[in-house]
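Enquirer: Got a structure for you, written out below as structure tokens; questions coming shortly.
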Amino acid sequence: MPNPELAEDDVLIEIHAAGVNPLDSKIRDGEFKRILPYRLPLILGNELAGVVIRVGPRVRRFKAGDEVYARPDKNRIGTFAERIAVRADDVAIKPTNLTMEEAASIPLVGLTAWQALIEKANLKKGQKVLIHAGSGGVGTFAIQLAKHVGATVATTTSTANVDLVRRLGADIVIDYKKAAFEETLRDCDVVLNSLDAETLEKSLRVLKPGGTLISISGPPDPEFARQLGSNRILELVMRLLSFRIRRQAKRRRVNYSFLFMTASGDQLRQIGAIIESGAIRPVVDRVFPFESTKEAMAYVETGRAKGKVVVRVR
Ligand SMILES: NC(=O)c1ccc[n+]([C@@H]2O[C@H](COP(=O)([O-])OP(=O)(O)OC[C@H]3O[C@@H](n4cnc5c(N)ncnc54)[C@H](OP(=O)(O)O)[C@@H]3O)[C@@H](O)[C@H]2O)c1
């Protein structure tokens, strides 16, 4: 591929490591083709850590040689590569206490957990949150972020990962092989769902009235259509897709919202400060060489990763 073109407010980054996410396989399989304008051939990869090579004439915050990490804008992905141009606003200085591989594992899941728990749910000290799939990429970060805020954290995982999620700080661990979370938990203020529609509906039962159910695995709601600037038809489709869960949520007097995370250098800076304080540690399951990116994606697709999977590019 040719070298990426650098716009006035872009930074050109030499990628050292790239995180792998279920999102990469979903994009490859065309799951987002109605809402994201990708054209083939396409370089996959939604997050990176690396070194700034050059900056556009309007960039003040970064210079060549800076070690950075980022989730590029959804319309400009492509971190399974040696170089990428990213909008400076989407980039932050890499936490100094992390290796390149560790830093590359953070942006997508860190921003997702931040936007769900802090921005949307406004999670506060003393509140109770249920984080589904606590041993996954999003879960391992979200548990630690919620503990950092001072919340009581409940999580679901399988027997093999009970110790892992406890070490991350989970107060209540529900082994889904042995117990049903909807029969064990009550009075949660917030639920973060990343699992299927059945889990989403059952999650309503553990919330207190006024609580918040946030799903990152669908169904999308009309608010998301507006955020995308979609046409009326797509907004109607999303209204229909989420009709059932929104109606059930209303009956129980809880709020439902869908989140599709967005790039943000500002939030990555705040996340970086928490990581440098030692309150959150990355959980990296496996690092693959660049040549084995397909194998790395296949491993994530098994749905059994403990924390994150990373590709070492340099
Ligand atoms: N909308 C957004 O902005 C956004 C952002 C990030 C991710 N997502 C989506 O969120 C989902 C999760 O992402 P991720 O990166 O965390 O995935 P991941 O790391 O691949 O998740 C794997 C983990 O899920 C756990 N798991 C699987 N089934 C489970 C169940 N029934 N109950 C509890 N845990 C279960 C597994 O633990 P066990 O082996 O113990 O089962 C494993 O540790 C994906 O669908 C992804 O596309 C959406």
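The values are calculated or read from the model by the stated rules, or taken from the named source; none is laboratory data. This structure is a prediction, so every number in the text was calculated from the model and none was measured. Don't worry about glycine lacking a Cβ; one is built from the backbone with ideal geometry, like all the others, and counts go over all protein chains shown. Quick note on the areas: whole protein, heavy atoms, side chains included, nothing else; ligands and nucleic acids left out. Shrake-Rupley method; radii C 1.70, N 1.55, O 1.52, S 1.80 Å.
Enquirer: Which condition from (1) of a type outside the set (Phe, Trp, Tyr); (2) closer than 19 Å to residue 280 by Cβ; (3) without any contact (Cβ under 8 Å) to a residue 40 or more places away in the chain is the one that residue 184 breaks?
Expert: The one condition residue 184 does not meet is (2).
Enquirer: What residue, among those in the stretch 148-162 that are over 17 Å from residue 179 (Cβ atoms) and without any contact (Cβ under 8 Å) to a residue 40 or more places away in the chain, is farthest from the ligand (Cβ to nearest atom)?
Expert: Applying the filter and picking the extreme gives 150.
Enquirer: Can you tell me which residue within the stretch 53-62, out of those that are open to solvent by less than 50 Å² (accessible area, probe 1.4 Å) and either in a loop (DSSP other than H, G, I, E, B) or small (Gly, Ala, Ser) (or both), is nearest to residue 95 (Cα to Cα)? Give the derivation first.
Expert: Going through the stretch 53-62, the residues open to solvent by less than 50 Å² (accessible area, probe 1.4 Å) turn out to be 55-56, 59, 62.
Right, trim to either in a loop (DSSP other than H, G, I, E, B) or small (Gly, Ala, Ser) (or both) and you get 56, 59, 62.
On the way: 56: 23, 59: 20, 62: 15 Å.
Out of the qualifying residues, it is 62.
Enquirer: Counting only residues that are within 15 Å of the ligand (Cβ to nearest atom) and not in a loop (DSSP other than H, G, I, E, B), which one in the stretch 257-286 is farthest from residue 20 (Cα to Cα)?
Expert: 257
Enquirer: Let me ask something else. Of all the residues that make up the stretch 64-116, how many are among the aromatic types (Phe, Trp, Tyr) and either open to solvent by less than 10 Å² (accessible area, probe 1.4 Å) or modelled with pLDDT under 95 (or both)?
Expert: Matching residues across the stretch 64-116 total 1.
Enquirer: Which count do you get for residues in the stretch 124-149 that are buried (at least 23 other Cβ atoms within 10 Å of the Cβ) and either touching a strand residue (DSSP E or B) at 6+ places or on another chain (Cβ under 8 Å) or of a type in the set (A, V, I, L, M, F, W, C) (or both)?
Expert: 17
Enquirer: Any residue at all in the stretch 170-188 that's under 26 Å from residue 252 (Cα atoms), aromatic (Phe, Trp, Tyr) and open to solvent by less than 50 Å² (accessible area, probe 1.4 Å)?
Expert: Yes; the residues of the stretch 170-188 include at least one that is under 26 Å from residue 252 (Cα atoms), aromatic (Phe, Trp, Tyr) and open to solvent by less than 50 Å² (accessible area, probe 1.4 Å).
Enquirer: Same structure, new question: Give me a count of the residues in the stretch 35-52 that are of a type outside the set (Val, Ile, Thr), surrounded by fewer than 20 Cβ atoms within 10 Å (Cβ to Cβ) and within 15 Å of the ligand (Cβ to nearest atom).
Expert: Count: 1.
Enquirer: A further question follows. Has the stretch 236-253 got any residue that is surrounded by 13 or more Cβ atoms within 10 Å (Cβ to Cβ), of a type outside the set (Gly, Ala, Ser) and not in a helix (DSSP H, G or I)?
Expert: Within the stretch 236-253 (the criterion being surrounded by 13 or more Cβ atoms within 10 Å (Cβ to Cβ), of a type outside the set (Gly, Ala, Ser) and not in a helix (DSSP H, G or I)), the answer is yes, since at least one residue qualifies.
Enquirer: From the list 19, 50, 65, exactly one residue is assigned to a loop (DSSP other than H, G, I, E, B) and touching a strand residue (DSSP E or B) at 6+ places or on another chain (Cβ under 8 Å). Which is it?
Expert: Numbers: 19 fails: assigned to a loop (DSSP other than H, G, I, E, B); 50 fails: assigned to a loop (DSSP other than H, G, I, E, B).
Residue meeting the stated conditions: 65.
Enquirer: Quick check on the stretch 125-137. Is at least one of its residues free of Cβ contacts under 8 Å to residues at least 40 places away in the same chain, over 13 Å from the mean Cα position of the chain (by Cα), away from the ligand (no atom under 14 Å from the Cβ) and on the phi < 0 side of the Ramachandran plot?
Expert: yes
Enquirer: Continuing with this model, one more query. Which pairs turn up if I take residues in the stretch 242-254 that are closer than 14 Å to residue 193 by Cβ and look for partners that are assigned to a helix (DSSP H, G or I) and not small (Gly, Ala, Ser) with beta carbon separation below 7 Å, at least 6 apart in sequence or on another chain?
Expert: 245/200; 245/201; 248/201; 248/204; 249/204; 254/204
Enquirer: State all residues of the stretch 22-47 that are within 22 Å of the chain's Cα centre (by Cα) and either of a type in the set (A, V, I, L, M) or not in a loop (DSSP other than H, G, I, E, B) (or both); if no residue qualifies, say none.
Expert: 22, 23, 24, 25, 26, 27, 28, 35, 36, 42, 43, 44
Enquirer: Going residue by residue through the stretch 208-222, is there one that turns out to be more than 16 Å from the ligand (Cβ to nearest atom), buried (at least 16 other Cβ atoms within 10 Å of the Cβ) and β-branched (Val, Ile, Thr)?
Expert: no
Enquirer: Can you tell me which of (1) within 24 Å of residue 141 (Cβ to Cβ); (2) within 16 Å of the ligand (Cβ to nearest atom) is the one residue 189 doesn't meet?
Expert: Every listed condition holds for residue 189 apart from (2).
Enquirer: Given the criteria in contact with a helix residue (DSSP H, G or I) (Cβ under 6 Å, 6 or more places away or on another chain), more than 16 Å from the ligand (Cβ to nearest atom) and either modelled with pLDDT of 95 or more or of a type in the set (Lys, Arg) (or both), does residue 232 qualify?
Expert: Judged against the criteria, residue 232 is not a match.
Enquirer: Moving on. Of 264, 277, 203, which residue is of a type in the set (Ser, Thr, Tyr) and free of Cβ contacts under 8 Å to residues at least 24 places away in the same chain?
Expert: Exactly one residue qualifies, and that residue is 277.
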